[in-house]
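See below for the structure under consideration.
The values are calculated or read from the model by the stated rules, or taken from the named source; none is laboratory data. Remember, predicted model here, so these are calculated numbers, not experimental data. Note that each Cβ is placed from the backbone with ideal geometry, even for glycine, and that neighbours are counted across all protein chains shown. In case anyone asks, the SASA skips ligands and DNA or RNA and just uses the protein heavy atoms, side chains included. Shrake-Rupley method; radii C 1.70, N 1.55, O 1.52, S 1.80 Å.
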Amino acid sequence: MTADSTPALVKQADADTDGPAPAAPPAARGPRARNTKAYLTYVAGKIFGAAVSLFAVLVTSFFLFRLIPSDPVKQMTGGRPVSAEQLESLRRQLGLDQPMWQQFTSYVGDALTGDFGTSFQYHAPVIDKITEALPATLLLTGTAYVLYSALGIWLGTRTAWRNGSKSDRFNTALALTLYSVPSFWLGLLLIIVFSVGIGPIPGMFPTGGLESGNESGFAYVLDVAHHMVLPVITLVAVGYAQTLLVMRSSLLDEMGSDYLTTARAKGLRDDTVRRRHAVPNAMLPTFTLMFVNLGHVVAGQILVETVFSWPGLGGLFYQGLSVPDLPLVQALFFLFATAVILANTLADLLYPLLDPRVGR
């Protein structure tokens, strides 16, 4: 017999004996599913906003520097007498004889493929000049970033927790003063006092540059560190002041919260309450500030690098503006803005992981 002759009631009995079939895992429902969907929507919105901002920066970088009242071709001739035919030939070589719309479409198309053209003054690919100057900027601003972030968080925590004390008043007044001082002015002041020397203070540090040029090995490392002292102090003085003020303000807002009172009522030491409860919650605004400053690590500090003749991206940008070297300044402007936009976007994406109220 090929057909199944087992009675239907027997089949049903066997099924009841074996027990119910395993149920499929339930689909995600409730608050968790809603939170996940809300977070993905939040992420998509932030990424889309970043993409729009990057394209707007790309467009702005093209038109902005063409408003500078200077002719790149005449600047490149160095004031030497040049015929109109020679000027026209040079404009043709640089692509400046094309209509503005054609220059724009060529620039956008090349930039989207990573080609930012050839520098007018260096006669080299722009990307090569950026790659050459980037390590010096990362060394200077990266070192300063680590120092002023750690110092600002530590002092901001101590001053807020001892609100109203003499150390709080002194550190807050000093931070407000340094935060109000232009970085280039502070750099010039440090050069006058500690490089040139004034009164009984002798000149102890170089006036600028990355190296002396005649050292090697460990002596070269010490030489570079010696050149970094004054520019790093300048960047740390301004950066730590901002971090301290934000951290202090955030912690003061947290100090009156009920959960800190509850923690103390449970018998926790004051140091433990500050370290385990107050500081982590107060770190949220400081966390955002740190990511904003992280973008400036790549962007560099144009004025500080210029004052100290530091061979980084900031100094390269300043030199490009003097011509103006359009391909160079356009690429650097786009790079600086991109670093800040990406750092802000990364902070926005990570912020909901620290504060569940965001992105829900």
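Given the whole protein assembly as supplied and a 1.4 Å probe, what does the accessible area of V221 come to in Å², nearest 10?
80
How large is ³J(HN,Hα) for each residue in the range 229-234, as worked out from phi by the Karplus curve 6.51 cos²θ - 1.76 cosθ + 1.60 (θ = phi - 60°), to whole Hz, x for Gly and Pro?
With the stated coefficients, the range 229-234 comes to 4, 5, x, 5, 4, 4 Hz.
Using a 1.4 angstrom probe with every protein chain in place, what is the largest-first accessible-area order of K46, K129, K166?
Ranked from most to least accessible, the order is K166, K46, K129.
Calculate, in whole percent, how much of the Cα-Cα pair population of the range 99-246 lies beyond 24 Å.
Roughly 55 percent, rounded to a whole number.
Can you give the accessible area of R162, probe radius 1.4 Å, in Å² rounded to 10?
Roughly 120 Å² of R162 is accessible to a 1.4 Å probe.
Just to confirm my numbers, what's the Cα centroid distance between the range 172-200 and the range 220-279 in Å?
When both Cα centres are located, 23 Å separates them.
Along the range 152-159, what does the Karplus equation 6.51 cos²θ - 1.76 cosθ + 1.60 (θ = phi - 60°) give for ³J(HN,Hα), rounded to whole Hz, x for Gly and Pro?
Each residue of the range 152-159 in turn: x, 5, 5, 6, x, 5, 5, 5 Hz.
Pull out a ≥ b ≥ c, the square roots of the eigenvalues of the alpha-carbon gyration tensor of the range 137-192, then state rounded if a/c is under 1.5, prolate if not and a/b is larger than b/c, and oblate in the remaining case.
Oblate is the answer for the range 137-192, as a/c is 1.5 or above yet b/c matches or exceeds a/b.
With a 1.4 Å probe and all protein chains in place, put Y351, Y318, Y240 in order of accessible area, largest first.
Y318, Y351, Y240
Evaluated at 10 °C with a viscosity of 1.306 mPa s, what Stokes-Einstein diffusion coefficient in µm²/s does the range 208-360 have when Rh comes from the Kirkwood expression over alpha-carbon pairs?
D, rounded to a whole number, is 84 µm²/s.
List the residues whose amide H sits under 5 Å from the amide H of T118, counting only those 5 or more places along or on another chain, with H placed 1.01 Å from N in the peptide plane.
Residues meeting the amide H criterion: V126.
Hey, got the dipole for the range 241-285? About the Cα centre, +1 on K and R Cβ, -1 on D and E Cβ, debye to the nearest 20?
Computed about the Cα centre, the dipole is about 200 debye.
Starting from the residue with the highest accessible area, list L230, L155 in decreasing order, probe 1.4 Å.
L155, L230
For the range 150-261, what does the relative contact order come out to in percent, with C-alpha contacts under 8 Å and a separation of six or more?
Averaging sequence separation for qualifying contacts and normalising by length gives 43 percent for the range 150-261.
How many times 2.2 N^0.38 Å is the alpha carbon radius of gyration of the range 89-135?
My calculation over the Cα atoms of the range 89-135 gives 1.26.
Probe 1.4 Å, all protein chains in place: accessible area of T288 in Å², nearest 10?
About 50 Å², rounded to the nearest 10.
Please list, in chain and number order, the residues 5+ apart from F205 or on another chain whose amide H is under 5 Å from its amide H, with Hs placed from the backbone.
S195
List, largest first, the extents of the alpha carbons of the range 262-343 along their principal axes, each in whole Å.
67, 26, 12
Of all accessible surface on the range 184-272 at a 1.4 Å probe, what whole percent is carbon and sulfur?
For the range 184-272, the apolar C and S fraction of the accessible surface comes to 63 percent.
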